[in-house]
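The values are calculated or read from the model by the stated rules, or taken from the named source; none is laboratory data. It should be emphasised that the depicted structure is a prediction, and the values quoted were computed from it without experimental measurement. Note that each Cβ is placed from the backbone with ideal geometry, even for glycine, and that neighbours are counted across all protein chains shown.
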Amino acid sequence: MSELRFDQVTVRYGALTAVDGVDLTVPSGQVVGLVGESGSGKSTMARAAVGLVEVASGQIQLDGEPLRRRPGGRRPLQMVFQDPYSSLDPRMTIGDSIAEAIPRSAAGARRQEVARLLDLVGLGADRAPSYPGALSGGQRQRVAIARALAGQPDVIIADEITSALDVSIQGTVLNLVRSLQRELRLSMLFISHNLAVVRYVSDFIAVMYLGRIVEFGPAADVLADPQHPYTKELLAAAPRRGSTTLLDPVAQLLADPAAQAVAERAAQVVADAEPADPHHPPAGCRFHPRCPIGPLVLADREHCLTIDPTTDADRRRHRAACHHVAGDLQPVTAGSVAKEDSL
């Protein structure tokens, strides 16, 4: 088990800043779910961690030290990619694909290790001679997970690993991931655009918008009491027990006859809003063009247009990047967090 830390990490693609000064910690033996819409920078974070894209500034650390390959050729981070159909070489048997990832120090026992890993992911050692073309999408993703584990990593990064799978088998793969994480006590960064998926496997949830983390906290706390309007929007769109709407903050804020009119205006702002251009992110709060409690709805909130709320997010509940979230004296810790038992 190891702690993975992103320290003021920035990643650029030419003129586009995909990740902008992000601080994020994956505690040892815990799962951090990173959620956000397409283009928010989630996958870029993953690729930066495993060295597939260059970090423009900041540092990615493992247990307080810069990332480097371990003795014997072992890579401390391993990644499971989104598409199981393209992540495996169709000309190699799945046994050979897994064996290829085993560090040199364990090369003498590769056959036994391949058999163990296939059993661990629920495929069985007898599938080792099979080619990827003979497997279903769910089975291929199990092979990809086994291949990641073969590298004996300290941290697993799972990038949208269920989004390319049929809904009927997504739950099976998620159950496998959660079971393996508990059994092996893996540290894991689990990335998805689907909050319903993230909340099932995560101890902590980080919400990302336009290259920045806008909320972070224990999963149960974030789900029960989301602070940032964008988190509320994601939660309202995800299947869940109970009901929470995006307009709740406005209704709570204004307890007078004008509240209904404000709520209707907020709904119209959200409905009409277009995603911001990541090449030219808005000044101030990056969410303000879509915010149901922002300056397009409430005229006295012009400070949202110019003042960046991420600069003092640490003092707010769930480190929320919103000027209108109350302070929080309770520190975020790596304590255990209750999760739902099944999908």
Would you confirm whether any residue within segment 73-80 is more than 23 Å from Q170 (Cα to Cα), free of Cβ contacts under 8 Å to residues at least 60 places away in the same chain and not in a loop (DSSP other than H, G, I, E, B)? yes
Exactly one of (1) of a type in the set (A, V, I, L, M, F, W, C); (2) part of a helix (DSSP H, G or I); (3) in contact (Cβ under 8 Å) with a residue 40 or more places away in the chain; (4) buried (at least 20 other Cβ atoms within 10 Å of the Cβ) is unmet by I161. Its number? (2)
If I ask for residues that are without any contact (Cβ under 8 Å) to a residue 40 or more places away in the chain and not in a strand (DSSP E or B), which ones from segment 1-41 would you list? G14
Using beta carbons and a limit of 7 Å, which pairs, at least six apart or on different chains, have the first residue in segment 213-233 and of a type in the set (S, T, Y) and the second one outside any helix (DSSP H, G or I)? Y230/V207; Y230/Y209; Y230/V214; Y230/F287; T231/V207; T231/E215
All but one of (1) in contact with an Asp or Glu (Cβ under 8 Å, 6 or more places away or on another chain); (2) at pLDDT 90 or above hold for D225, so report the exception by its number. (1)
Which condition does N175 not pass, out of (1) at pLDDT 90 or above; (2) touching a Leu at 6+ places or on another chain (Cβ under 9 Å); (3) assigned to a loop (DSSP other than H, G, I, E, B), if it passes all the others? (3)
Since Q152 meets every condition but one in (1) surrounded by 17 or more Cβ atoms within 10 Å (Cβ to Cβ); (2) assigned to a helix (DSSP H, G or I), which condition does it not meet? (2)
Condition met for L117 (crowded, with 16+ Cβ neighbours inside 10 Å, assigned by TED's automatic domain parsing to the domain that holds P153 and either outside any helix (DSSP H, G or I) or in contact with an Asp or Glu (Cβ under 9 Å, 6 or more places away or on another chain) (or both)): no
Across segment 120-136, the tally of residues that are loosely packed, with under 14 Cβ neighbours inside 10 Å and assigned to a helix (DSSP H, G or I) stands at 3
Among G36, G64, the single one that is farther than 30 Å from R127 by Cβ, modelled with pLDDT under 95 and more than 19 Å from the chain's Cα centre (by Cα) is G64
Could we say that Q139 is more than 30 Å from A320 (Cα to Cα), in the same structural domain as M45 (by TED's automatic domain parsing) and part of a helix (DSSP H, G or I) here? yes
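This table checks each residue for (1) surrounded by 15 or more Cβ atoms within 10 Å (Cβ to Cβ); (2) closer than 23 Å to D312 by Cα; (3) touching a helix residue (DSSP H, G or I) at 6+ places or on another chain (Cβ under 7 Å).
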| position | (1), (2), (3) |
| --- | --- |
| L24 | yes, yes, no |
| S38 | no, no, no |
| T44 | yes, no, no |
| L52 | no, no, no |
| L62 | yes, no, no |
| P84 | yes, no, yes |
| T93 | yes, no, no |
Taking T44 and the conditions (1) modelled with pLDDT under 95; (2) outside any loop (DSSP other than H, G, I, E, B), which numbered condition does it fall short on, given that it satisfies the others? (1)
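Residue-wise test of (1) closer than 24 Å to V198 by Cα; (2) acidic (D, E); (3) in contact with a Gly (Cβ under 9 Å, 6 or more places away or on another chain).
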position	(1), (2), (3)
L120	yes, no, no
R127	no, no, yes
R142	yes, no, yes
R147	yes, no, no
P153	yes, no, no
A158	yes, no, no
V167	yes, no, no
Please determine, by comparing only the residues of segment 266-310 that are more than 22 Å from the chain's Cα centre (by Cα) and among the β-branched types (V, I, T), which one is surrounded by the fewest Cβ atoms within 10 Å (Cβ to Cβ). T306
Determine, yes or no, whether S86 is hydroxyl-bearing (S, T, Y) and either over 23 Å from A146 (Cβ atoms) or outside the structural domain of A219 (by TED's automatic domain parsing) (or both). no
